[in-house]
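Taking it in order: structure first as structure tokens, then the write-up.
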Amino acid sequence: MTCKECLESLGPYIDGELLADEAAVVADHLNTCPDCAAAHRRLVATSNKLRAGLARYPAPDVLKARIRAALVQTSAEVSAPPRRARLYWGVRWPSAIAAAALVAVLSSALTLSVTQRRPAGDAVQSELLASHIRSLMPGHLTDVASNDQHNVKPWFNGRVDMSPAVPRLDSLGFPLVGGRIDYIDGRSVAVIVYTRRQHVINVYAWPTQSANETPVTTSSHGYNLLRLPRNGEELWIVSDLNRAELSDFARLLATRS
């Protein structure tokens with residue numbers, strides 16, 4: 001190994017990026033060449049100083065949520081069934097068409113069976129989770145941005161089927177940041193947005209005629225979902241805030257509404 005080759009390999013060698021045999025060749029050269037060995041020591045010292053002086057900051061929860069959302073989407077794409085292979089000219093068309101028809105029938109039957117077995121509430125929760133994740137993307141959180149309930153509440157007039165409660169909880173650690181309209185369970189719904197530190201809390205509200213007033217507390221992909229039905233109103237709270245604080249928020253919301 002020449003000195004030029006050794007110097008060019010010092011960076012990957014220090015970072016452990018070389019293969020074992022390549023690293024052995026560099027190590028042998030460093031043992032026999034004082035100039036390259038001195039250059040190696042200088043690079044190691046510089047690298048150690050840089051690492052010691054680096055500032056490390058914890059990732060904000062909103063960033064974590066976006067990363068989890070990307071991972072969830074990637075996971076869904078990976079688990080999706082592969083596209084049907086192209087039919088080449090060498091394949092007998094009648095047989096290929098018959099096989100494709102059989103696959104389509106079986107696939108449709110399986111999809112219908114799974115859909116019929118899945119509770120309707122699960123579909124709503126999936127829509128709520130998807131909506132919450134979308135809201136964390138830039139420009140999607142609010143349609144009306146305000147910490148004043150007298151600005152947010154009137155904004156929904158004529159836009160949704162109900163006038164949602166918009167209590168001020170700033171003094172209790174849950175500042176109001178605005179509201180928006182989203183589409184859940186086949187209807188436009190009001191969404192009131194609060195925060196807790198760097199956590200986003202979406203409160204979904206729409207009228208319902210369902211007699212089911214059973215509260216629900218569940219979680220999915222690192223997010224907590226709380227259902228608080230009351231007086232003909234469907235109320236869902238979604239956030240990556242820990243469950244204890246989110247439950248406290250839900251109690252405050254119910255008390256102040």
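Throughout, read-outs are computed from the coordinates displayed, never taken from laboratory work. Model, not experiment: these values are computed from the prediction. Neighbour counts are summed over all protein chains in view; Cβ atoms, including those assigned to glycine, are modelled from backbone coordinates with ideal geometry.
A few remarks follow.
- A simple spin-label model places pseudo-atoms 7 Å from Cα toward Cβ; at LYS4 and ALA39 they are separated by 1.1 nm.
- Cβ-based exposure ranking for GLU213, GLU127, in which fewest neighbours within 10 Å come first: GLU213, GLU127
- Shape of the stretch 120-256, Cα gyration tensor, a/c cut at 1.5: rounded
- Of the residues CYS33, CYS6, the one with the fewest other Cβ atoms within 10 Å heads the list, and the complete ranking is CYS33, CYS6.
- Cut-off under 5 Å, modelled amide H: who pairs with ARG196 long-range: ILE201
- Amide H contacts of GLY178 (H built 1.01 Å from N, under 5 Å, at least 5 apart or other chain): SER146, VAL193
- Global form of the stretch 3-53, assessed from the alpha-carbon gyration tensor, a/c cut-off 1.5: oblate
- Once the C-beta distance of GLU213 and ASP170 is scaled by a Förster radius of 41 Å, the resulting FRET efficiency is 0.90 to the nearest 0.05.
- Taking other Cβ atoms within 10 Å as a rough exposure proxy, HIS140, HIS40 sort from fewest to most as HIS140, HIS40.
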